[in-house]
1. Taking the range 97-138 on its own, how many of its residues are polar (S, T, N, Q) and surrounded by fewer than 19 Cβ atoms within 10 Å (Cβ to Cβ)?
2. Would you mention how many residues in the range 37-53 are modelled with pLDDT of 90 or more, surrounded by 14 or more Cβ atoms within 10 Å (Cβ to Cβ) and polar (S, T, N, Q)?
3. Name the residues in the range 201-259 that are among the basic types (Lys, Arg) and under 21 Å from residue 280 (Cβ atoms), would you?
4. Does the range 262-277 hold any residues that are part of a helix (DSSP H, G or I) and buried (at least 18 other Cβ atoms within 10 Å of the Cβ), and which are they?
5. Answer yes if at least one residue in the range 332-339 is assigned to a strand (DSSP E or B) and over 21 Å from residue 265 (Cα atoms), and no otherwise.
6. Do you know which of the residues in the range 307-326 that are of a type in the set (Val, Ile, Thr) and in contact (Cβ under 8 Å) with a residue 12 or more places away in the chain is nearest to residue 283 (Cα to Cα)?
7. Test residue 151 against the criterion of being surrounded by fewer than 16 Cβ atoms within 10 Å (Cβ to Cβ) and aliphatic (A, V, I, L, M), and give yes or no.
8. Which condition does residue 115 not pass, out of (1) within 30 Å of residue 344 (Cβ to Cβ); (2) within 24 Å of the chain's Cα centre (by Cα); (3) at pLDDT 95 or above; (4) not hydrophobic (A, V, I, L, M, F, W, C), if it passes all the others?
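The values are calculated or read from the model by the stated rules, or taken from the named source; none is laboratory data. Please read all numbers here as calculations on a predicted model, not as lab measurements. Virtual Cβ from ideal backbone geometry, glycine too; neighbours counted across all protein chains shown.
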Amino acid sequence: MMKIIGIGDLLIPENYIYEGFKIFEEDNCEVKTIQWKNESHEDLQNINLLVETKGSEAYEVPDYILDFIKDADILITQFCPINKKVIDCCENLKAIGVLRAGYENINVDYAKEKEVVAFNTPGRNANAVADFAVGLLLSECRNIAKSHLNMKKGHWIRDYANYESVPDLSGKTVGIVGYGEIGRKVAQRLKGFEMNIIAYDPYFSGQDEIAQLVSLEELMQQSDFVSLHTRLTKETEKMINRDLISLMKPTAYLINTARSGLIDEDALYQALKDKKIIGAALDVFDKEPTGEDYPLVTLDNVTVTPHLSGGTIDAFTNSPKLLAKEMRKLFTGELSRNVVTKELFLKKFANKNEG
């Protein structure tokens, strides 16, 4: 009997994982879960940031988790790192599943060396992030959050940094950087506002019914709103740099619900401070939590939120169900789009299940 063990956290607790993966019990598997005991959401976020920047080996997984998972055939996690020590302690390990698109918390190279297949969950919170991106865009250009805060303080203020050019969305151009699942959902939503949609994504092939694909330079020049939805890699780190920001219209807004590392924060701060662009709406920052003196937070032409975009109850509860559906393909040999280590999967499972 194969044993599936899920490691829950404060955002996707162990009972969510069990509910998603209990379908494996129909395949004569045992499903067990354990809760990773984070002190707070801030503690969990700090560990996640550490792992995202320095890799899975930067965090020492607690012994109580190692003791619990040692006989796992399949491990499921969201943020808890699956590093060399974790992989080595699980002698029967065949597959790892991470409940989000990013898999920085898995030592994928070592997993491949040990012939352990890795899965991720792309698009698991695509609706949540797309909804939030549109909300941030509206909130900044129409001063919704700022006026709300002022009214709570007893101030009736109608004029803000963009008071001379508050826009309608209809007829404006939005440029989407990264035209994957989230980017396309943002495009679908903003098309309903009668906006013109352009996009940049060097990995997107073919034609699209909603967006016109352009170069990144063209996108920055033409857009009234630029919304970032690409992954953070060595190639995309600080891709939105001083030169690209200088191409933006003085009435343009920059929206980021992806990763702060995509932007040169110093360059963005200076452009906003000098009114080279009219505003920005940001959910992610180089340093989190930011504090009230964080440079971008101090500006009057920025709407800021504390890394909230992917956090809906639907995203958290549905992630295990989405991943479980794909990981059951281990038993059929059908290659899932969620497989990170495709060649290894084909070697170990596709051939094994033929016929």
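1. Residues meeting the conditions: 1.
2. 1
3. Correct list: 231, 238, 242, 249, 259.
4. Scanning the range 262-277 gives 262, 265, 267, 268, 269, 271, 272.
5. First, the residues of the range 332-339 that are assigned to a strand (DSSP E or B): 339.
Retained after the next criterion (residues that are over 21 Å from residue 265 (Cα atoms)): 339.
So far as the range 332-339 goes, yes, one or more of its residues are assigned to a strand (DSSP E or B) and over 21 Å from residue 265 (Cα atoms).
6. Residues of the range 307-326 of a type in the set (Val, Ile, Thr): 312-313, 317.
Okay, now just the ones that are also in contact (Cβ under 8 Å) with a residue 12 or more places away in the chain, so 312, 317.
Working: 312: 15, 317: 22 Å.
Among them, the one singled out is 312.
7. On the way: surrounded by fewer than 16 Cβ atoms within 10 Å (Cβ to Cβ): yes; aliphatic (A, V, I, L, M): yes.
Against the criterion (surrounded by fewer than 16 Cβ atoms within 10 Å (Cβ to Cβ) and aliphatic (A, V, I, L, M)), residue 151 qualifies.
8. Going through (1) within 30 Å of residue 344 (Cβ to Cβ); (2) within 24 Å of the chain's Cα centre (by Cα); (3) at pLDDT 95 or above; (4) not hydrophobic (A, V, I, L, M, F, W, C) one by one, residue 115 breaks only (2).
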